[in-house]
Amino acid sequence: MENNRELQDSFGREHTYLRISITEHCNLRCAYCMPEEGIALTPKPHLMTANEIIHIAKTFVELGVTKIRLTGGEPLVRKDAKDIILQLGNLGVDLTLTTNGILVPNFIETFKIAGIKTINISIDSLVKEKFNKITRRNYFETVFENIDLLLTEGFRVKLNVVLMKDFNEDEIIDFIELTKHKNIQVRFIEFMPFTGNQWDKSKLVSYAEILGTIQSEYAFSEIERLTDALNDTAKNFKIKAHLGSFAIISSVTNPFCTTCNRIRLTADGKLKNCLFSNSETSLLETLRAGESILPLIHKNLLSKKAVRGGMDDDLKFQNPDLFSQNRSMITIGG
Ligand code: SAM
Ligand code: SF4
Ligand code: SF4
């Protein structure tokens, strides 16, 4: 095993969680994730092959990574997604993925063989018209059926809900009511700024507002604050009488960077040490040149900023000149 310090940054944070985007393609067009006009897709020869993904993932596991999440774009639209999932399943890590859920029925056996236990599904509205509007496609029933399928098949399911003013902030309680009889975790995510997603602060539903809405519906004694796992990005809660739970992810109003253990690999093989960093290191070019990627990994991690890629205060974070230097979310993967 290589020296674990390879995965430590200059603030002493150990990076044990690798998020790999395996594609930039998607079968939805969520308004908060990608620009309406679409994105310029990277030519296929510049994207990682399945073998390259596995090679880089193995390198990270040897350095100390214990958890890998597949994302995209939509990870399940990639033609060789099954092969990638099965091979990563052999690495002995906690393997998981974030998906829009549309293609889930084709993958149930693959998930089981690969040892995947928990799956995050993105769903931003319980109202068909609203869901179809925000995703610019028509898959509402499919996603709902597939959430139930995953539960029936014994997977733990987390629902990712990006909250936005004048869109779905009125559905917070409806989502929590879903946890009454379903053992799911609903994760409310603050809407974050990325290039081309028309973010502005007036659309943000903050942690404080989300909690305020919940506290106006349920009595103080009904709401339980759960213990958050180490490195958890979410603040976890539960309505005591409900089967499931809910959580709030507050990257905008309350960043959780001091315990960050995450590092990202984009579909074109670039290492991104923070969701908001605009400097990236191409591992793929070096790998293809037959050279070691270890020095690059080390150097990239040491350049990681303390907070949100250097956008450490509200003014910087809300400055379009700064956040538009980053990629669109669809090419980062969340
Ligand atoms: N296609 C998959 C999906 O939608 O689950 C995986 C990729 S998607 C980029 C990963 C996560 O990022 C999703 O849960 C999505 O809701 C979230 N996301 C995308 N844009 C966001 C934004 N502007 N603010 C907060 N979360 C965002
Ligand atoms: Fe596709 Fe996921 Fe982005 Fe929606 S959030 S456009 S499903 S990548
Ligand atoms: Fe980590 Fe960057 Fe997210 Fe902060 S903003 S938790 S440093 S990835």
Keeping all protein chains in the complex and leaving out DNA, RNA and ligands, what accessible area do you get for K299 with a 1.4 Å probe, in Å² to the nearest 10? 150 Å²
Can you say what percent of the DSSP beta bridges in the chain, counting only those with both residues inside, are antiparallel? Round to 5. 30 percent
Return the percentage of antiparallel bridges among DSSP beta bridges fully within segment 1-154, rounded to the nearest 5 %. 10 percent
So which aspartates and glutamates pass the test for K270, namely a Cα distance under 16 Å, with those fewer than 8 places away in the same chain ruled out? E24, E52, E280, E285, E291
Would you mind giving the three semi-axes, in whole Å and largest first, of the ellipsoid equivalent to segment 218-263 according to its Cα gyration tensor? 24, 11, 8
Please go through the residue pairs K133/K203; K201/K305; K79/K130; K180/K240 and name each one whose alpha carbons sit more than 19 Å apart in this structure. K201/K305; K79/K130
Tail fraction, Cα-Cα pairs, the chain, threshold 25 Å, whole percent: 51 percent
Segment 31-94: relative contact order from alpha carbon pairs under 8 Å, six or more residues apart, as a whole percent, is 45 percent
Distance between modelled label sites at N106 and N51, nm, 7 Å Cα→Cβ extension: 2.4 nm
Surpassing 18 Å at the alpha-carbon level, of the pairs K165/K238; K272/K299; K112/K272, are K165/K238; K112/K272
Kindly write out, for segment 200-213 in residue order, the coupling ³J(HN,Hα) from the Karplus curve 6.51 cos²θ - 1.76 cosθ + 1.60 (θ = phi - 60°), rounded to whole Hz, with x marking Gly and Pro. 8, 4, 5, 8, 6, 10, 7, 3, 5, 5, 4, 5, x, 4
Might you tell me the accessible area per residue for segment 5-332, computed with a 1.4 Å probe and given in Å²? 44 Å²
By the C-alpha gyration tensor axes a ≥ b ≥ c (rounded if a/c is under 1.5, else prolate when a/b exceeds b/c, else oblate), the shape of segment 1-57 is oblate
Using alpha-carbon coordinates, inclination of helix 50-63 to the longest axis of the chain, degrees: 90 degrees
Put +1 on the Cβ of every Lys and Arg and -1 on every Asp and Glu Cβ in the chain; which of N138, L230, H298 then has its Cα farthest towards the positive end of the dipole? H298
Once label points are set 7 Å from the Cα along Cα→Cβ at both L151 and K128, what is their separation, rounded to one decimal in nm? 2.0 nm
Sorting Y139, Y218 by accessible area (1.4 Å probe), largest first, what list results? Y139, Y218
Report the local net charge at T331: Lys and Arg +1, Asp and Glu -1, summed over other residues whose C-beta lies under 11 Å from its C-beta. +1
Whole-Hz Karplus ³J(HN,Hα) for segment 268-285, in order, using 6.51 cos²θ - 1.76 cosθ + 1.60 and θ = phi - 60°, x for Gly and Pro? 8, x, 9, 8, 10, 7, 8, 3, 10, 7, 9, 9, 10, 10, 6, 7, 5, 4
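The values are calculated or read from the model by the stated rules, or taken from the named source; none is laboratory data. Please read these numbers as outputs of a predicted model, since none were measured by experiment. Counting neighbours? That spans all protein chains shown, and the Cβs are built from the backbone with ideal geometry, glycine included. When the accessible area is computed, the model is the full protein with side chains, heavy atoms only, and any ligands, DNA or RNA have been set aside. Shrake-Rupley method; radii C 1.70, N 1.55, O 1.52, S 1.80 Å.
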